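For reference, the structure discussed in these notes is given below.
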Amino acid sequence: MQTNLRGRDFIGDLDFSKEEVETVLDVAWDLKRKRALGEPHPLLRDKTLAMLFFFTSTRTRGSFEAGMAQLGGHAAFIDSDTTQIAHGDTAKEIGEIFGRYFDGIAIRQCDWQFGNKYINEVARYSRVPVLNMQDDIYHPFQCLADLMTIMEKKGRDLRRRKIVVSWAYAASYSKPISVPQSLILQLTRFGADVVLAHPPEFKLMPEIVEMARENARKYHSGFEIVHDMDEAFKDADVVYPKSWGPLVTTTDKNEGKVLIEKYRDWITDQRRMDLTKEDSIYMHCLPADRNLEVTDEVIDGPHSVVYDEAENRLHVQKAVMALTMS
Ligand code: CP
């Protein structure tokens, strides 16, 4: 496969240009079709991927592991708790050594103390591509799957499509901010009218918001921030409400706990879905806090595309692995 993505890391959403993301999507659709037809596609025969997890996962682990097997290679699950990382192995050791054993290194580390410093440090010392399975700033593979799903449901041209990335109430007050950050960064490159909705205290990182604004200017997309969930949902084509923690939880967890209780009514229910367009779609990266973030009626209802969205993790990840690791 001839492409300039060979050997490249994928850590932040903007590491690949808009055109390169389009290529990833083309390959993902081709691989999805091949899988549906039962056509073998061993693009990574005899290749190996290290999957280093510092944080739990259902979809990410399952889809990377299944994806590598379907591409003819092997993914090794490495749980950080059972490595020597606690006894001295640094990011340099992981990059240098796993870079010699494996053909790619995928890492999930969602810890505000590190941001994305750890994964960048591994990448600095690795001779093979480093793939971000989610850090505390970005969740780029989730976002590619989301983009693929939106285009499948709404068409590839997203201009004038109102896409709402909204905060939602959840039992936990400190869910990662990486998903909404990746969404506003990537979607503003595709011409959509992106609306970010959250209570005033649940801001995203200012530098990420500024990058989204710059994208919107460059790609003639819409980007606005509102603090009212009903206003955001009105006439939306796509709603993507999920919980995230306030930035203050990085210094004062109690403050976060008190804050979140003020916004219990930020739930996606049928009344709110009725504010959206008749053919709107409801998205969530999962896991969702059922009947706190979203009612069963909505997540199991006709607008919901959450299982197609989860499936597309497999296809976009296979595409990126094939393009970067082959
Ligand atoms: N959406 C997502 O990343 O799911 P997991 O946390 O289960 O991997």
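The values are calculated or read from the model by the stated rules, or taken from the named source; none is laboratory data. Nothing here was measured: the structure is a model prediction, and the numbers come from that model. Cβ atoms come from the backbone with ideal geometry, glycine included; neighbour counts cover every protein chain shown. For accessibility, only protein heavy atoms count, side chains too; no ligands or nucleic acids. Shrake-Rupley method; radii C 1.70, N 1.55, O 1.52, S 1.80 Å.
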With the chain treated as a Gaussian network of Cα nodes joined by springs under 10 Å, which of Ser63, Ser17, Ser178 yields the largest mean-square fluctuation?
Ser17
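Under Stokes-Einstein, with the Kirkwood radius over Cα pairs standing in for Rh, what whole-number D in µm²/s applies to the range 55-97 at 4 °C and 1.567 mPa s?
Taking Rh from Cα pairs, D becomes 108 µm²/s.
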If I fit a long axis through the Cα atoms of helix 59-70 and take the longest principal axis of the Cα atoms of the chain, what angle between them do I get, 0 to 90°, rounded to 10?
40 degrees
Give the angle, between 0 and 90 degrees and rounded to the nearest 10, that separates the Cα long axis of helix 306-325 from the longest principal axis of the Cα atoms of the chain.
30 degrees
To check my understanding: the extent here is largest minus smallest coordinate of the Cα atoms along each principal axis. What are those three numbers for the chain, in Å, largest first?
53, 46, 37
If you average the alpha carbon positions of the range 92-160 and of the range 27-70, how far apart do those two centres end up, in angstrom?
15 Å
Taking only the Cα atoms of the range 95-189, how large is their convex hull per residue, in Å³?
126 Å³
Show the residues, 5+ positions off or on another chain, whose built amide H is closer than 5 Å to the amide H of Gln134.
Gln109
Hey, in the GNM for the chain with a 10 angstrom Cα cutoff, which one of Asn116, Asn291, Asn254 fluctuates hardest?
Asn254
In whole Å, what are the Cα extents of the range 134-235 along the three principal axes, biggest one first?
36, 30, 26
Hey, what's the Kirkwood Rh for the range 236-301 if you take every pair of different alpha carbons, in angstrom?
13.1 Å
Before rounding to the nearest 500, sum -39500 (n - 2.57) across all DSSP H runs of length at least 4 in the chain and divide by the residue total; then give [θ] at 222 nm in deg cm²/dmol.
-11500 deg cm²/dmol
Relative contact order (%) - the range 234-326, alpha-carbon pairs under 8 angstrom, separation at least six:
32 percent
For Lys34, give me every one of the lysines with a C-alpha distance below 30 angstrom, ignoring sequence neighbours fewer than eight places off in its own chain.
Lys18, Lys47, Lys153, Lys154, Lys318
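With a cut-off of 8 Å between alpha carbons and a minimum separation of six or more residues, what is the relative contact order of the chain in percent?
21 percent
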Label point distance in nm, Asp26-Asp235, each placed 7 Å from Cα along Cα→Cβ:
3.5 nm
Working from the alpha-carbon coordinates of the range 175-326, get Rg over Rh, Rh being the Kirkwood radius.
0.97
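Semi-axes of the equivalent ellipsoid of the range 31-74: what are they in whole Å, largest first, if each equals the square root of 5 times a C-alpha gyration tensor eigenvalue? Kindly include the intermediate steps, with their values, before the conclusion.
Values: eigenvalues 96, 37, 5 Å².
In descending order the semi-axes read 22, 14, 5 Å.
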Just the ratio, please: alpha-carbon radius of gyration of the range 40-154 over 2.2 N^0.38 Å, N its number of residues.
1.09
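For the range 3-81, what is the convex hull volume of the alpha-carbon atoms per residue, in Å³?
That works out to 112 Å³ per residue.
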With a 1.4 angstrom probe the carbon and sulfur portion of accessible area for the chain, in percent, totals 49 percent
The answer for the longest stretch of the chain without any exposed trypsin sites (Lys or Arg not before Pro) (DSSP loop, at most 13 further Cβ atoms within 10 Å) is 161-261
Report, in degrees rounded to the nearest 10, the 0 to 90 angle that the Cα long axis of helix 140-154 makes with the longest principal axis of the chain.
60 degrees
Could you give the C-alpha radius of gyration of the range 110-160 expressed as a fraction of 2.2 N^0.38 Å, taking N as the number of residues it contains?
1.52
